[in-house]
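As C-alpha coordinates, the structure follows; a few thoughts come after it.
The values are calculated or read from the model by the stated rules, or taken from the named source; none is laboratory data. Being a predicted model, the structure only gives us computed values, none of them experimental. Here the Cβ positions follow ideal geometry from the backbone for every residue, glycine too, while neighbour counts run over all protein chains shown.
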Amino acid sequence: MTTATPAAGMPTLPAAGTNPLVIGLDTSLTSTGIAGRDWAEALRPTKLTGHARLAWILDEVTDRVKLADLVVIEGPAYGQQLQPGHHERAGLWWHITQMLYRRNIPYAVCNPHLRTIYATGHAFPAQGHPRQQRARIAKGMVHTFVVEQLGVFCEGVGKYDAADAAVLAAMGLDWLGYPLLDLPDEQRRALATVHWPEQTPAVAQ
(Lines give C-alpha, C1' and ligand atoms only; values in the text may rest on other atoms or scores of the structure.)
Protein backbone atom coordinates (compact mmCIF):
# COMPACT_ATOMS: atom_id res chain seq x y z
CA MET A 1 0.00 0.00 0.00
CA THR A 2 1.49 3.35 -0.99
CA THR A 3 1.07 6.49 1.07
CA ALA A 4 1.79 8.94 -1.74
CA THR A 5 -0.56 11.92 -1.59
CA PRO A 6 -2.17 12.71 -4.95
CA ALA A 7 -1.69 16.46 -4.49
CA ALA A 8 0.00 17.16 -7.81
CA GLY A 9 -2.31 19.15 -10.03
CA MET A 10 -4.58 20.21 -7.21
CA PRO A 11 -5.70 23.85 -7.46
CA THR A 12 -4.20 26.14 -4.86
CA LEU A 13 -6.82 27.02 -2.28
CA PRO A 14 -7.70 30.67 -1.66
CA ALA A 15 -6.22 32.28 1.39
CA ALA A 16 -8.34 31.89 4.52
CA GLY A 17 -7.05 34.73 6.67
CA THR A 18 -4.75 34.19 9.61
CA ASN A 19 -6.43 31.08 10.99
CA PRO A 20 -6.22 28.26 8.46
CA LEU A 21 -8.38 25.26 9.19
CA VAL A 22 -6.06 22.29 9.70
CA ILE A 23 -7.53 18.95 10.74
CA GLY A 24 -5.63 16.01 12.22
CA LEU A 25 -6.93 12.48 11.64
CA ASP A 26 -5.97 9.26 13.43
CA THR A 27 -8.19 6.74 11.65
CA SER A 28 -9.54 3.65 13.38
CA LEU A 29 -12.54 1.37 13.00
CA THR A 30 -13.49 1.72 16.66
CA SER A 31 -12.19 5.16 17.69
CA THR A 32 -11.11 7.66 15.03
CA GLY A 33 -9.36 10.67 16.51
CA ILE A 34 -10.07 13.99 14.83
CA ALA A 35 -8.89 17.42 15.94
CA GLY A 36 -8.37 21.04 15.01
CA ARG A 37 -6.48 23.97 16.47
CA ASP A 38 -8.22 23.98 19.86
CA TRP A 39 -10.51 20.93 19.93
CA ALA A 40 -10.30 17.17 19.67
CA GLU A 41 -12.71 14.26 19.79
CA ALA A 42 -12.96 10.54 19.13
CA LEU A 43 -15.55 9.25 16.66
CA ARG A 44 -16.81 5.92 18.00
CA PRO A 45 -19.28 3.98 15.80
CA THR A 46 -20.77 1.83 18.53
CA LYS A 47 -22.89 -1.13 17.42
CA LEU A 48 -21.96 -0.70 13.75
CA THR A 49 -19.90 -3.09 11.65
CA GLY A 50 -18.90 -3.62 8.05
CA HIS A 51 -20.11 -1.18 5.41
CA ALA A 52 -22.42 0.61 7.85
CA ARG A 53 -19.46 1.41 10.11
CA LEU A 54 -17.28 2.63 7.25
CA ALA A 55 -20.10 4.81 5.93
CA TRP A 56 -20.75 6.35 9.36
CA ILE A 57 -17.09 7.19 9.95
CA LEU A 58 -16.68 8.62 6.45
CA ASP A 59 -19.78 10.80 6.83
CA GLU A 60 -18.64 12.13 10.22
CA VAL A 61 -15.13 12.87 8.97
CA THR A 62 -16.38 14.49 5.77
CA ASP A 63 -18.63 16.83 7.74
CA ARG A 64 -15.67 18.04 9.81
CA VAL A 65 -13.06 18.40 7.05
CA LYS A 66 -15.14 19.76 4.15
CA LEU A 67 -13.80 23.32 4.66
CA ALA A 68 -10.27 22.35 5.65
CA ASP A 69 -7.21 24.04 4.17
CA LEU A 70 -5.09 21.02 5.08
CA VAL A 71 -5.64 17.57 6.61
CA VAL A 72 -2.83 15.64 8.29
CA ILE A 73 -3.66 11.95 8.45
CA GLU A 74 -1.71 9.24 10.22
CA GLY A 75 -0.17 6.80 7.78
CA PRO A 76 -0.99 3.08 7.71
CA ALA A 77 0.52 0.95 10.47
CA TYR A 78 2.34 -1.67 8.42
CA GLY A 79 3.22 -3.63 11.54
CA GLN A 80 -0.48 -4.46 11.95
CA GLN A 81 -0.93 -6.14 8.57
CA LEU A 82 -1.52 -9.57 10.05
CA GLN A 83 -3.84 -8.39 12.81
CA PRO A 84 -7.64 -8.87 12.66
CA GLY A 85 -9.41 -6.02 10.91
CA HIS A 86 -6.38 -4.85 8.92
CA HIS A 87 -8.15 -5.25 5.57
CA GLU A 88 -11.10 -3.14 6.72
CA ARG A 89 -8.85 -0.52 8.35
CA ALA A 90 -6.99 -0.13 5.09
CA GLY A 91 -10.30 0.32 3.31
CA LEU A 92 -11.29 3.08 5.71
CA TRP A 93 -7.98 4.90 5.14
CA TRP A 94 -8.42 4.80 1.40
CA HIS A 95 -12.08 5.85 1.59
CA ILE A 96 -11.08 8.94 3.56
CA THR A 97 -8.08 9.91 1.43
CA GLN A 98 -10.09 9.37 -1.75
CA MET A 99 -12.76 11.71 -0.34
CA LEU A 100 -10.07 14.34 0.32
CA TYR A 101 -8.69 13.89 -3.18
CA ARG A 102 -12.11 14.25 -4.81
CA ARG A 103 -12.80 17.40 -2.81
CA ASN A 104 -9.38 18.90 -3.67
CA ILE A 105 -8.45 19.09 0.01
CA PRO A 106 -4.64 18.84 0.35
CA TYR A 107 -3.55 16.19 2.79
CA ALA A 108 -0.31 15.07 4.39
CA VAL A 109 0.54 11.55 5.52
CA CYS A 110 2.39 11.31 8.83
CA ASN A 111 4.18 8.24 10.17
CA PRO A 112 3.07 7.48 13.77
CA HIS A 113 6.68 7.76 15.00
CA LEU A 114 6.91 11.32 13.64
CA ARG A 115 3.82 12.30 15.59
CA THR A 116 5.42 10.96 18.77
CA ILE A 117 8.69 12.78 18.05
CA TYR A 118 6.81 16.06 17.62
CA ALA A 119 5.12 15.60 20.98
CA THR A 120 7.99 14.17 23.01
CA GLY A 121 11.24 14.52 21.07
CA HIS A 122 11.66 10.75 20.74
CA ALA A 123 10.14 8.04 18.53
CA PHE A 124 10.17 5.62 21.49
CA PRO A 125 9.96 7.85 24.58
CA ALA A 126 9.21 5.03 27.05
CA GLN A 127 12.27 2.86 26.35
CA GLY A 128 13.32 2.96 30.00
CA HIS A 129 10.13 1.22 31.12
CA PRO A 130 9.17 -2.47 31.04
CA ARG A 131 8.43 -3.61 27.47
CA GLN A 132 4.77 -4.45 28.11
CA GLN A 133 4.12 -0.95 29.47
CA ARG A 134 5.94 1.12 26.86
CA ALA A 135 3.11 1.65 24.38
CA ARG A 136 0.66 2.82 27.05
CA ILE A 137 3.23 5.09 28.70
CA ALA A 138 4.18 6.63 25.37
CA LYS A 139 0.53 7.33 24.60
CA GLY A 140 0.25 8.97 28.01
CA MET A 141 3.20 11.21 27.20
CA VAL A 142 1.59 12.34 23.96
CA HIS A 143 -1.69 12.95 25.80
CA THR A 144 0.12 15.03 28.44
CA PHE A 145 1.73 17.15 25.71
CA VAL A 146 -1.66 17.83 24.15
CA VAL A 147 -3.42 18.72 27.40
CA GLU A 148 -0.65 20.62 29.17
CA GLN A 149 1.16 22.29 26.28
CA LEU A 150 -1.39 22.59 23.48
CA GLY A 151 -4.20 23.22 25.96
CA VAL A 152 -6.62 20.89 24.16
CA PHE A 153 -9.11 18.98 26.30
CA CYS A 154 -8.88 15.23 25.71
CA GLU A 155 -10.49 13.03 28.32
CA GLY A 156 -12.77 10.01 28.56
CA VAL A 157 -13.00 7.06 26.21
CA GLY A 158 -10.90 7.65 23.11
CA LYS A 159 -8.73 10.33 24.74
CA TYR A 160 -5.50 8.92 23.32
CA ASP A 161 -6.92 8.83 19.80
CA ALA A 162 -8.14 12.41 20.12
CA ALA A 163 -4.73 13.45 21.48
CA ASP A 164 -2.93 11.80 18.57
CA ALA A 165 -5.12 13.74 16.14
CA ALA A 166 -4.42 16.99 18.02
CA VAL A 167 -0.69 16.51 17.54
CA LEU A 168 -1.22 15.91 13.81
CA ALA A 169 -3.23 19.13 13.55
CA ALA A 170 -0.50 21.03 15.41
CA MET A 171 2.11 19.65 13.01
CA GLY A 172 0.10 20.84 10.02
CA LEU A 173 -0.27 24.33 11.48
CA ASP A 174 3.45 24.44 12.21
CA TRP A 175 4.30 23.41 8.64
CA LEU A 176 2.04 26.15 7.26
CA GLY A 177 3.79 28.73 9.44
CA TYR A 178 1.28 28.99 12.30
CA PRO A 179 2.97 27.04 15.13
CA LEU A 180 0.95 26.67 18.30
CA LEU A 181 4.15 26.43 20.37
CA ASP A 182 7.79 27.40 20.16
CA LEU A 183 9.16 23.87 20.23
CA PRO A 184 12.82 22.80 20.29
CA ASP A 185 14.43 21.45 17.13
CA GLU A 186 14.49 17.99 18.73
CA GLN A 187 10.71 17.90 18.36
CA ARG A 188 10.25 19.97 15.20
CA ARG A 189 12.63 17.70 13.27
CA ALA A 190 9.60 15.44 12.83
CA LEU A 191 8.20 17.87 10.25
CA ALA A 192 11.06 17.23 7.84
CA THR A 193 9.97 13.74 6.79
CA VAL A 194 6.18 14.00 6.82
CA HIS A 195 4.79 13.37 3.32
CA TRP A 196 3.43 16.88 2.75
CA PRO A 197 1.30 17.85 -0.26
CA GLU A 198 3.36 18.66 -3.34
CA GLN A 199 1.56 21.97 -3.73
CA THR A 200 1.63 24.15 -0.63
CA PRO A 201 -1.81 25.60 0.27
CA ALA A 202 -2.17 29.35 -0.27
CA VAL A 203 -2.74 29.84 3.46
CA ALA A 204 0.91 29.04 4.22
CA GLN A 205 3.03 31.86 5.59
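So in the range 114-135, with the set limited to residues that are in contact with a Phe, Trp or Tyr (Cβ under 9 Å, 6 or more places away or on another chain) and at pLDDT 95 or above, which one is surrounded by the fewest Cβ atoms within 10 Å (Cβ to Cβ)?
Looking at residues that are in contact with a Phe, Trp or Tyr (Cβ under 9 Å, 6 or more places away or on another chain) and at pLDDT 95 or above, I get Thr120.
Do you know which residues across the range 145-195 are loosely packed, with under 14 Cβ neighbours inside 10 Å and of a type in the set (Ser, Thr, Tyr)?
Thr193
Return the total of residues in the range 156-205 being of a type outside the set (A, V, I, L, M, F, W, C), under 12 Å from Leu70 (Cβ atoms) and at pLDDT below 95.
Total meeting the criteria: 3.
Looking at Ala169, Ala204, can you tell me which residue is part of a loop (DSSP other than H, G, I, E, B) and closer than 17 Å to Pro106 by Cα?
Of the residues listed, the single one that is part of a loop (DSSP other than H, G, I, E, B) and closer than 17 Å to Pro106 by Cα is Ala204.
Taking the range 191-205, which residues are within 25 Å of Ala42 (Cα to Cα) and out of contact with any strand residue (DSSP E or B) (no Cβ under 8 Å at 6 or more places or on another chain)?
Leu191
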